[in-house]
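Since the structure comes first, as structure tokens, the remarks are kept for the end.
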Amino acid sequence: MNNVLAYTIYIAITLYLIYWIGRMCHRNGRIFILKLYRGDAESTDTINNILLLAYYLFNTGYALLRLKNWEHVLSVAQLVASLSHHLGLLILILAVTHYFNIGLIYFLSKRHHHFTS
Amino acid sequence: MNTEHIAYIVIAYFCYLPIALGLTWYVAHSLFRNSIVFMKDIFNGREEIALATNTLFRIGFYLLNIGFALYILKIREPLSSTQTTIEALSFKVGGFSIYLGIMLFLNLYLFFRGKRVAKQKRLGYEMNKRYNNPGPQQ
């Protein structure tokens, strides 16, 4: 009975978080893709939208996959603990991916000298 | 585990969550309000790309630290009194605070490194230009 409550809260928070982070990265990352494509706005927007879609698919998929082996929730304390454990791990994975992407942009931009100079 | 112990754990969780999230918000707020100066310097005064990079780093900082704060929330030892609750809570908050300090210095190191690299690159570019195209007066 408590598991259903945990799933509801988890899915609501996760979906909103994934949507919000995706929108922020979509908006702020556009200028970097624009630089990599040397100002070609049309292919930049295409690539940006496709990347956003792929991001949504992968992350919602993974978040829903993790519902399968959730521990049996018996009390409020266990509810908070398991919820924050799952959410924390998901957000940590998002963080690692995000820093990996920043690093990727940095290394790609080393070929094009017009990023920092 | 009876109901009293569970109540202590729930109180500890609901004290820990606002403290950890508020601390993360405060550190990120003061770090990224000041880092915009570095960003403008690194990107040679170009406002748009400096703001975008600053926002991306701020998202990364929030994700990493809130994720870690939620991940370490679970208290494993049984809490039987107010004293043990305060001890467990302060151990968690103190550990998280030290972790936040390390993250803060890591980000500062990144900003200073970026600033140094950009300065070297700019200098090399200037030297190269002067060497290859000497002005008419030289």
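Every number in this text was worked out from the coordinates using simple rules, so none of it is lab data. Since the model is a prediction, treat every value here as computed from it, not as a measurement. Here the Cβ is made from the backbone with ideal geometry for all residues, glycine too, and neighbour counts use every protein chain on show.
Details
- The range B:47-81: trypsin sites (Lys or Arg not before Pro) in DSSP coil with no more than 14 other Cβ atoms inside 10 Å: B:R76
- CD proxy at 222 nm, helix term only [per DSSP H run n ≥ 4: -39500 (n - 2.57); per residue of chain A; nearest 500]: -29000 deg cm²/dmol
- Other protein chain C-beta atoms within 10 Å of residue C-beta, averaged over B:64-72: 6.
- Shielding score for A:70-78, defined as the mean number of other chain Cβ atoms within 10 Å: 4
- Tilt relative to chain A, helix A:76-109 - C-alpha long axis, 0 to 90 degrees, to 10: 10 degrees
- Once the Cα gyration tensor of chain B is diagonalised, semi-axes √(5λ) in Å: 50, 12, 9
- For the range B:3-132, size of Cβ-based charge dipole, Lys and Arg +1, Asp and Glu -1, in debye: 980 debye
- In degrees, nearest ten, helix B:3-34 long axis to first principal axis of chain B (Cα): 10 degrees
- Annotation for the range A:82-110 versus the range B:18-62: alpha-carbon center distance of 16 Å.
- Once the Cα atoms are used to define both axes, helix B:82-132 deviates from the longest principal axis of chain B by about 10 degrees.
- Chain B: calculated mean residue ellipticity at 222 nm from DSSP helix runs of at least 4, using -39500 (n - 2.57): -30000 deg cm²/dmol
- Computed extension gain for A:Y37 through A:L51, at 0.36 nm per residue and net of the alpha carbon distance, reaches 3.6 nm.
- Shielding of peptide A:95-107 by partners, expressed as the average count of other chain Cβ atoms within 10 Å per residue Cβ, is 3.
- Look at the dipole of the protein assembly as shown built from charges on Cβ: of B:I11, B:W25, A:V76, the Cα furthest out on the positive end belongs to B:W25.
- Between A:N69 and B:F91, the FRET efficiency estimated from the beta carbon spacing at R0 = 22 angstrom works out to 0.15.
- Only the Cβ atoms of Lys and Arg (+1) and of Asp and Glu (-1) were treated as charged; on that basis the dipole of the protein assembly as shown about its Cα centre amounts to roughly 1200 debye.
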